[in-house]
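Visitor: Let me give you the structure first, and then I'll get to my questions.
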Amino acid sequence: MRLRLLAFALLIFTAGFAQDDAFEQRFVQTHFTPEIETLNEVISSPEDYYFKSLANFLIGDFRLSEYWLDSLALHGPMKGARQGRYYLLRGRVHRLRGDNLNAVHMFDSALVTYEALKDKEGVFRVYVDMLEHCRSSGVYEEAFVYLDRLNAMSSDPSISPSLRARFLHRKSALFIEAAYDSIDAATGHLVECIQLCRENNVPWHEATALVDLGYINHNWDGENPMPYYQRAKKIRTDLGHWRDLAQVRFQIARLYSGTGRFDLALAEIEAMEMDAIRYQWPIPQADVFKLKAQVYYDQGQYKESTETYWAYHELYCDLLEQQIDEQIAETMAKVGAESARNDLLRAENAMLVAEERLEMESNRKRLLILLSMSLIIILSSLFLFYRRSRLANIMLRDQQAVIESTNRKLEMTLEQKNHLYRELHHRVKNNLTTLSGLLYLQSRNLESDEAKKALGEARGRIQSMSLIHQGLYERDEEVQVKLSGYLEELLPNLLSSFAQKAEGVSWSIDCAEIELDIEKAMSLAMVVNELVTNSFKYAFNDTDTGELRIIGKLIGKDGWILSVQDNGPGMPEGYDWKNSRSLGLRLVNILVEEMGASFSYGYFSGFSDFSIVFQEVDDEA
């Protein structure tokens, strides 16, 4: 039993596909031979009404096409995706007859049908028709909305080549009219469309693309457009699509007229005029009169041109009047539907207006009272603010006078302090200089070389401290000592104490911008004095070409290193300089420790190196 049900379902499914294939085959065949379909008198299904309407639409008889669609609506709708085809065809008929409102309504119905069926190709087909409708109506902004949707769907494999070719043509037509893209891009789309049509035997879309390709060459100084027009004319004639043939004839007549072949232009126009009158095409008929008037004018037949132009004018005015009448009728229908409701609302509105007037009068009185009270409050607030601001300004001026008086006193105190500070350094420097002179006089009266040597070392230490105070005295406000400048003053004074040995010694100072406070500067001056004295005492005894270097570098954010180097033999191997009994080295260790620095010794590349390293310790660490 289950196998029978499965076989029956499969049979129905296969029959449905077979019916769809038969519908598509008849759809294509109707495009090839629409006149044969119009002669078919057998009406056995709703599809027969549809194809009779389609055949008359392709021929250009929109009146009969709409008649068969009305008959189809009376005898029952088609099913599934075919109902979408019905809505699309009726929408196209409405569009070409100038009924844009009903055309959009039909396209919307087709879209709802295909979306319910989840038919991507059907949705794509509706979007193409909406794109064409917006383009022909001049609503380009909305047309580009549909173009974006179509571009996103065009790569879907379910879209047939015929439908994709139709999309390419409508896309290029939009580019040409809206001046959206370059003509080269539009030409590329048309060439691709023609190639698709020839590969899949879709001559009706090929003819439309050929006309637009000829139009581009005609209007943008391309190659001769006539071969494109003639090919399109032959296809339309063979198919019997008279409405589309009229469009080809119109372009050929324009080309003939522009090149002075007026007889050929008039022949095409008269053939087009006969079909327009026969099938009642008001818009193409108006275009015929306009083009015919232009041809007569170019020939110099001004009377015929004027008469024909007046015929065009009258027909065009009739078309405008017809469109206006249709819009008025539509508007009147809407107005009539709402007139009864409006009558009921008028009485209510009258009562509401009276109530609103009373309410407005009451609100006006309340508002006046509120504004008066607000004005009194604002004026009172402004007066209070003014008084407070005035009192505040008086207090501010008094405070500012007190601050200025205090600042003057502080400046005087600071100036006195700076004066006393400079005087202090000046007197200390003078006292140290006097003391150094006394030591020098005392050393001259001594006979012991050891005593003279000790006094000379003491005198050097005193001179080092004296230079610090001299520098601070000469600078008014600076309490920091620049190490580089201080060393350049200190070293020559030290060398003068070793006059004989200093003659063969070259010296150099390479110091970064290091600034020290007074205490560190004085301690460092003593250290440098001891190290330089040590170099002259021990390093240059066995050489006539001594070299002395003092190098200062910054390390890290707030650290520095100062090195005193000489090319002497260095300390003896195994010598414990950290625990030396030498007064100079002991003094160096004590001073370095007080500075919070470290002291090191090394011998590198023939140079003894005594280094003092200071690294600022972060208080938060």
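The values are calculated or read from the model by the stated rules, or taken from the named source; none is laboratory data. All figures in this text were calculated on a predicted structure; none of them were measured in a lab. Here Cβ is always computed from backbone atoms with ideal geometry, including for glycine, and neighbour counts include all displayed protein chains.
So that you can scan it fast, the table gives a plain yes or no per residue for (1) within 26 Å of TYR86 (Cβ to Cβ); (2) out of contact with any Lys or Arg (no Cβ under 9 Å at 6 or more places or on another chain):
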| residue | (1), (2) |
| --- | --- |
| LEU131 | yes, no |
| GLU141 | no, yes |
| VAL145 | yes, yes |
| ASN151 | no, no |
| SER162 | yes, yes |
| ARG166 | yes, no |
| SER172 | no, yes |
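Visitor: Can you tell which of SER137, SER158 is modelled with pLDDT under 90, within 26 Å of ASP20 (Cα to Cα) and not aromatic (Phe, Trp, Tyr)?
Guide: On inspection, the qualifying residue turns out to be SER158.
Visitor: A follow-up question, please. Among the residues of segment 236-253 satisfying the criterion of being farther than 21 Å from PHE62 by Cβ and aliphatic (A, V, I, L, M), which is modelled with the highest pLDDT?
Guide: Checking each candidate, the answer is ILE252.
Visitor: Any idea which of ALA207, ALA185, ALA246 is without any contact (Cβ under 8 Å) to a residue 40 or more places away in the chain and part of a helix (DSSP H, G or I)?
Guide: ALA185
Visitor: Step by step: first the residues of segment 191-250, then only those that are closer than 19 Å to PRO34 by Cβ and among the polar types (S, T, N, Q), then the one that is surrounded by the fewest Cβ atoms within 10 Å (Cβ to Cβ). Which residue is that?
Guide: Here the residue is ASN201.
Visitor: Can I ask one more? Quick one: in segment 568-599, of everything that is modelled with pLDDT of 85 or more and polar (S, T, N, Q), which residue is farthest from GLU530 (Cα to Cα)?
Guide: The residue in question is SER598.
Visitor: Moving on. Filter segment 211-235 for residues that are without any contact (Cβ under 8 Å) to a residue 40 or more places away in the chain and among the charged types (D, E, K, R); which is nearest to VAL248 (Cα to Cα)?
Guide: LYS233
Visitor: Scan segment 134-168 for residues that are under 24 Å from CYS197 (Cα atoms) and of a type in the set (Val, Ile, Thr) and jot them down.
Guide: ILE159
Visitor: Let me ask something else. Looking at segment 579-605, which of its residues are surrounded by 11 or more Cβ atoms within 10 Å (Cβ to Cβ) and not in a helix (DSSP H, G or I)?
Guide: SER580, SER582, GLY596, ALA597, SER598, PHE599, SER600, TYR601, GLY602, TYR603
Visitor: Separate question: Going residue by residue through segment 396-409, is there one that turns out to be at pLDDT below 80, assigned to a helix (DSSP H, G or I) and farther than 30 Å from ASN102 by Cβ?
Guide: No.
Visitor: Here's something else I'd like to know. Looking at LEU352, LEU367, LEU345, which is the one that is surrounded by 11 or more Cβ atoms within 10 Å (Cβ to Cβ) and modelled with pLDDT of 85 or more?
Guide: The match here is LEU367.
Visitor: A further question follows. Let me confirm something: among ASP119, ASP148, ASP129, which residue is at pLDDT 90 or above and in contact with a Ser or Thr (Cβ under 9 Å, 6 or more places away or on another chain)?
Guide: One residue alone meets the criteria, ASP119.
Visitor: Still on this structure: Being in contact (Cβ under 8 Å) with a residue 24 or more places away in the chain and either of a type in the set (Ser, Thr, Tyr) or touching a Ser or Thr at 6+ places or on another chain (Cβ under 6 Å) (or both) is true for just one of ILE551, ILE612. Which residue is that?
Guide: One residue alone meets the criteria, ILE551.
Visitor: May I pose another question? How many residues are assigned to a helix (DSSP H, G or I) and farther than 22 Å from ALA539 by Cα if we restrict to segment 484-523?
Guide: Result for segment 484-523: 10.
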